[in-house]
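Structure record follows, encoded as structure tokens.
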């Protein structure tokens, strides 16, 4: 495989696994219950790609009294139940991961979610075997989440790859911004995210099949 990139870094939610719809439904309900009426599409616009602390700060900024730890635990209990019941990989993603694995091309995960969320996500969706020897960076490994570049820089450092030789696959504008701040190119995957929200990405795709030529993979 001929590629201009030495490392492909995958976001987790909305890129590897179709989890964003589950998470945004829950966050819309949480915001509404805390006095900030929010629909699921509004939650996508407001919270997609952010950390849980961002959500808490947003609700507190709107005047809500929030028990951060209690809300964190209840949110993840409900989220993980949803993962176990109905989580699927993003269409076409297992085939892309298989092609990269067959080409022995280094891959990594960099997610704003915690390690338990990512581990359950890739296991419940059946893509965990692609990452057994790979670097996986989560919110537990850094102080600052996206849009700060820390997650992506940590993935590059642990992989021993120059950030300029990395490309990130993201589904949120915060993730695209974080990739650019890390000195990396970004592919914006508009699966559930409106394509207009990912206009700053270096490459904008609506289907995983469109990623293959960007990475130098042969047509499949």
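The values are calculated or read from the model by the stated rules, or taken from the named source; none is laboratory data. In this text, all values refer to a predicted model and were calculated from it rather than measured experimentally. Because the Cβ atoms are built from the backbone with ideal geometry, glycine has one as well, and the counts that use them run over all protein chains shown.
Using the structure shown, decide if residue 50 is touching a residue at least 24 places away in the same chain (Cβ under 8 Å), part of a loop (DSSP other than H, G, I, E, B) and in contact with a strand residue (DSSP E or B) (Cβ under 9 Å, 6 or more places away or on another chain).
So residue 50 fails the test.
Spot the failing condition for residue 91; the list is (1) part of a helix (DSSP H, G or I); (2) under 30 Å from residue 5 (Cα atoms), and only one is missed.
Of everything listed in (1) part of a helix (DSSP H, G or I); (2) under 30 Å from residue 5 (Cα atoms), residue 91 misses just condition (1).
Yes or no, residue by residue, for (1) more than 17 Å from residue 107 (Cβ to Cβ); (2) at pLDDT 95 or above; (3) outside any loop (DSSP other than H, G, I, E, B):
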| site | (1), (2), (3) |
| --- | --- |
| 130 | no, yes, yes |
| 146 | yes, no, no |
| 156 | no, yes, yes |
| 164 | yes, yes, yes |
| 186 | no, yes, yes |
| 192 | yes, no, no |
| 210 | yes, yes, yes |
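Determine which single condition residue 118 fails, assuming it passes every other condition in (1) under 15 Å from residue 14 (Cβ atoms); (2) touching a helix residue (DSSP H, G or I) at 6+ places or on another chain (Cβ under 8 Å); (3) modelled with pLDDT of 95 or more.
Result: residue 118 passes all but (2).
Quick one: would you say residue 25 is outside any loop (DSSP other than H, G, I, E, B) and closer than 30 Å to residue 213 by Cβ?
Answer is no for this residue.
Within the stretch 148-156, is even one residue in contact (Cβ under 8 Å) with a residue 40 or more places away in the chain and closer than 26 Å to residue 43 by Cβ?
yes
Tell me which residues, restricted to the stretch 55-91, are over 16 Å from the mean Cα position of the chain (by Cα) and touching a residue at least 60 places away in the same chain (Cβ under 8 Å).
Passing the criteria: 82, 86.
Can you tell me which residues in the stretch 97-116 are assigned to a helix (DSSP H, G or I), touching a strand residue (DSSP E or B) at 6+ places or on another chain (Cβ under 9 Å) and more than 20 Å from residue 149 (Cα to Cα)?
Residues satisfying the conditions are 97, 100, 101.
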